[in-house]
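> Sharing a structure with you now.
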């Protein structure tokens, strides 16, 4: 059972309604996570703004989706695993095998794997990587700016993971479970 309410448009504040309208225009729907975030227009707007900013970064949308899968698995967030499995396969064109491997910070490209491993390390070490871990991701070919983007993607996904795990948001995507079933 959900613990926080996913608002309908008519229940939302005027600012959340505006944000819902923008989401609806862009995605064709307002996912339950965003409807629930709409209880605070500040939370929803902050999430949308950071997400939009990162979409313009140097890492690209594919890497953003892979990081989201790594972080969601580390935080056991079924909602985010489900959402990013769907977005990854349907919108970003990522193969299911690649998404499944990313859940364990694995990838057949050593540079991508180093970035995913760094993201997982940030989660496991609560944002306190060692000097060697930072040097390893830089040594894999990431710029300092891209390392900053990895950190920002991790932070964004921790926000959504914690939000959905707290709210127990109803999953409105094909379900994927942490430590469980693979992406189809």
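The values are calculated or read from the model by the stated rules, or taken from the named source; none is laboratory data. If you're wondering where the values come from, they're calculated on a predicted model, not measured in any experiment. Using ideal geometry, Cβ is built from the backbone for each residue, glycine included, and neighbour counts are taken over all protein chains shown.
> Pick out the one residue from 62, 26 that is over 14 Å from the mean Cα position of the chain (by Cα) and assigned to a helix (DSSP H, G or I).
26
> Still on this model: Considering region 29-44 alone, what residues qualify as being assigned to a helix (DSSP H, G or I) and either more than 18 Å from the chain's Cα centre (by Cα) or surrounded by fewer than 17 Cβ atoms within 10 Å (Cβ to Cβ) (or both)?
41, 42, 43
> Whether any residue in region 144-164 is assigned to a loop (DSSP other than H, G, I, E, B), at pLDDT 95 or above and closer than 23 Å to residue 43 by Cβ is what I want to check.
no
> Also, I was wondering about something else. Quick check on residue 81: is it in a helix (DSSP H, G or I) and within 25 Å of residue 120 (Cβ to Cβ)?
Yes, satisfied.
> Tally time: how many residues in region 105-117 are within 18 Å of residue 179 (Cβ to Cβ) and over 15 Å from the mean Cα position of the chain (by Cα)?
Total satisfying the criteria: 1.
> A further question follows. Residue 47: part of a helix (DSSP H, G or I), on the phi < 0 side of the Ramachandran plot, outside the structural domain of residue 146 (by TED's automatic domain parsing) and modelled with pLDDT of 95 or more, yes or no?
In short, yes.
> Here is a list: 134, 123. Which entry is in a helix (DSSP H, G or I) and either in the same structural domain as residue 51 (by TED's automatic domain parsing) or more than 15 Å from the chain's Cα centre (by Cα) (or both)?
Values: 123 fails: either in the same structural domain as residue 51 (by TED's automatic domain parsing) or more than 15 Å from the chain's Cα centre (by Cα) (or both).
Residue meeting the stated conditions: 134.
> Let me ask you something else. Check whether at least one residue in region 149-171 is in contact with a helix residue (DSSP H, G or I) (Cβ under 8 Å, 6 or more places away or on another chain), closer than 13 Å to residue 63 by Cβ and without any contact (Cβ under 8 Å) to a residue 24 or more places away in the chain, and report yes or no.
no
> Looking at (1) buried (at least 18 other Cβ atoms within 10 Å of the Cβ); (2) in a helix (DSSP H, G or I), find the lone condition where residue 94 falls short.
Of the numbered conditions (1) buried (at least 18 other Cβ atoms within 10 Å of the Cβ); (2) in a helix (DSSP H, G or I), the odd one out for residue 94 is (2).
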